[in-house]
Each structure stands twice: as C-alpha cells, then as structure tokens.
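All remarks here apply to the structure that follows.
The values are calculated or read from the model by the stated rules, or taken from the named source; none is laboratory data. Remember, predicted model here, so these are calculated numbers, not experimental data. Positions of Cβ are backbone-derived with ideal geometry, glycine not excepted, and every protein chain shown enters the neighbour counts.
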Amino acid sequence: MDQEVLLSGFSGAVLVTQHDQTLAAAAYGQANVAEERINQLNTRFGIASGSKLFTAIAICQLVEQGKLSFDGKVLEVLDKLKFPLFSPEITVHQLLTHSSGIPDYFDEEVMEDFAALWKDIPMYTLRRPGDFLPLFAALPMKFTPGEHFHYNNAGYIMLGLLVEAVSGMSFTDYVEQHIFRPCGMQDSGYFALDALPANVALGYIDSENGQSISNIYSIPVVGGGDGGAFVTAADMQKLWTCLLGHKLLQPETTILLLTPHIQEDEDTYYGYGVWIRVRNGVVLKYHVMGSDPGISFRSAVYPASGVNFTALCNRSRGAYRLMQVVEGNLLLD
C-alpha cells in the first residue's frame, strides 16, 4: 500500500481492520498546505456523500418510533413546503433508494462542475436543508416514482427535511445526538467551512496553473442530508460496529437498511444509504463513498472476512484506488 501511496500522491488516512485487529493504519500528506500541518490518523476529513448512510439511519430510527413509514407519502409530511410539479405519490422508500424520480440539484449524468452551482446561489448561504429548495423544488419530475434507480442528491435533501419535520430538531443536531453520540464518534460532526474546529483537514483542488487551492468556495458551507459530514477513520469504524451490532437500529430494521432494494448495474445494488456488491446471490461488501472537489472517501465492510476498510482523502481522488489495492491484496473482491 505504501508504494501505491507514493505513486499516487495520496493525501489522507487509511484504516484496515479484521475482527478488531488492525491490519493497516497510516496517514499521509498534508492537512493544511500553508501551515505544513500533516495528516494524522485522528485527523477529521470531509466525506461528502458518504454521510448519506447517516441520513438513512436517522430515517430508519424515526420509522421505528412511528413518526414516519417507508411507504408514507413524502409531500403529506412536508405539506408546508411547495413542490408544484412533484408527484404526490413519492414515498420515503423511493427517496432512500434513489428511485423517486424527482429532479436533482446536481445531476451527475449531465453536469460535471459542482462548483458551478454556486454562481446564482452562493454556497455560503446553504446552511440548512431548506436552503437548497430554490435549486430544485420548482423543477419537473424526471420519471414516474419507483420506475428505476437514478442517483439523486436532492432526494436526500428531502430526507433531511423529513428528519427536521418529525423530530423537531435541526438535521445536523439530530444526527450528532442520535447517531454520533451513541457510537462514541466524539470527533465527528457537521462543521461549517467558515468555522472549522481543530484537527480538520482542508480539502484541496488542483487549479489550472497547478497550484493547490482550498475547496471552501466549491461545496456547501455546512453539510446536510445529502452529505458533508466530517469523520475520523476510527469514528467511521465505530459507526459500522454500532450499526452491525444493532446499537442504532433494531435487528429487523438493520436488515432492511442493508437489503439490496434496487439494482444499479450488474452486481451493484443500493440499500438505504449504502451500496451493496452482490455476486451469485452473495453479498461481497457493504460500502459508502463520497466525492466532491477536494474530497475522496471510501469505507466498506466485507461480511465473509470481517474486514473493515476506510480511506479518507483531502484531495479529489485517491480513496478508490487504495480500496482496489487493499481488496486485491486481501482477495476481498
């Protein structure tokens, strides 16, 4: 793995364990280029869409409490908000599985430059799920609800709105109190880019002149339902341990979250907030991923071997390649 790091210039932290035994733990590169502050194993990194899993867990908890149902109509709960062209048939399950058909504020099939979104609506104004509504709420549906899988960030913004509507808490407070705290994830949170705490890695983008620049003008200032949390490698492992140990959800709800509900390609499925690799009817791995300007993230659990892998990177690329190397070395995929 060290050779791959040298060749790729990986900047971040990697943790690989098997049945609580550490197989690899290392940090590389700089958390802050100007200050020459190096990344450490306990450095906090942004994980972009990797935190969709937290949103799905929050929704599942609220279902267990009887405040939501998976087949419940979303617009009946969000009746105080306006979605003039959305189908009234959209369900919570469809939002969780990217099959709702609603328009996305950043459609990865037709858009490439995430930072271009903020030309009309400044990224520093996006601090709550409701702040994203002008980006998609008045757009027409893309397809009939439940028709097929289409990865959708706006769907998870709406799930964040549901959490706020039925819990009476801000989305970020809910996740921090009901997911991070029970797992002992004391270093994790939804930190504002203009008020970062200590020991956080800045995300870096390579500019046209080859200079590394911060991503603070390229992503929303505070994360929410579709992504943007900060975690450490150890905290991410705690999350998997708590989830699979039924400390966050009841066993039957955990099984439902980890069920391959919808197919994305030949052997890749999506559960609730989690990707699932299946081959010949057998689950090879549960994994989450995140990619934003200045952020690259992968974390996975391999049920057959008990291996847990996490790579956090404060550059736009790097985590996926390390996952491939580890999977190849340990014959996991």
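Points worth noting:
- Some residue of the stretch 138-152 being touching a helix residue (DSSP H, G or I) at 6+ places or on another chain (Cβ under 8 Å), at pLDDT 95 or above, β-branched (Val, Ile, Thr) and farther than 26 Å from Ala233 by Cβ: no
- Residue list for the stretch 41-81, filter: in contact with a strand residue (DSSP E or B) (Cβ under 8 Å, 6 or more places away or on another chain) and among the aromatic types (Phe, Trp, Tyr): Phe45, Phe70
- Condition met for Ser167 (buried (at least 18 other Cβ atoms within 10 Å of the Cβ), touching a Phe, Trp or Tyr at 6+ places or on another chain (Cβ under 7 Å), of a type outside the set (A, V, I, L, M, F, W, C) and farther than 24 Å from Val274 by Cβ): no
- Whichever residue in the stretch 39-60 is assigned to a strand (DSSP E or B) and not aromatic (Phe, Trp, Tyr) and, among such residues, is surrounded by the most Cβ atoms within 10 Å (Cβ to Cβ): Gly46
- Residues satisfying the stated conditions in the stretch 71-84, i.e. free of Cβ contacts under 8 Å to residues at least 60 places away in the same chain, in a loop (DSSP other than H, G, I, E, B) and surrounded by 14 or more Cβ atoms within 10 Å (Cβ to Cβ): Gly72, Phe83
- Flag for Tyr151 being in a loop (DSSP other than H, G, I, E, B), under 16 Å from Gly273 (Cβ atoms) and aromatic (Phe, Trp, Tyr): yes
- Residues that are touching a Leu at 6+ places or on another chain (Cβ under 9 Å), outside any loop (DSSP other than H, G, I, E, B) and not β-branched (Val, Ile, Thr), drawn from the stretch 177-200: His178, Phe180, Pro182, Cys183
- Among the residues of the stretch 29-38, those that are assigned to a loop (DSSP other than H, G, I, E, B) and either over 23 Å from Gln237 (Cβ atoms) or touching a Leu at 6+ places or on another chain (Cβ under 6 Å) (or both) comprise Val33, Ala34, Glu35, Glu36.
- Where strands (runs of 3 or more DSSP E) fall wholly inside the stretch 252-333, the ranges with 3 or more residues that are in contact (Cβ under 8 Å) with a residue 40 or more places away in the chain are 282-292, 295-302, 307-313.
- Selection count where residues are more than 18 Å from Leu85 (Cβ to Cβ) and either modelled with pLDDT of 90 or more or assigned to a helix (DSSP H, G or I) (or both), scope the stretch 100-127: 9
- Restricted to the stretch 239-261, and to residues there that are touching a Ser or Thr at 6+ places or on another chain (Cβ under 7 Å) and either of a type in the set (Asp, Glu) or buried (at least 18 other Cβ atoms within 10 Å of the Cβ) (or both), the residue that is nearest to Ile57 (Cα to Cα) is Leu243.
- Count - residues of the stretch 201-247 that are at pLDDT 95 or above, part of a loop (DSSP other than H, G, I, E, B) and farther than 18 Å from Phe297 by Cβ: 3
- The one condition in (1) surrounded by 20 or more Cβ atoms within 10 Å (Cβ to Cβ); (2) touching a strand residue (DSSP E or B) at 6+ places or on another chain (Cβ under 8 Å) that Tyr272 fails to fulfil: (2)
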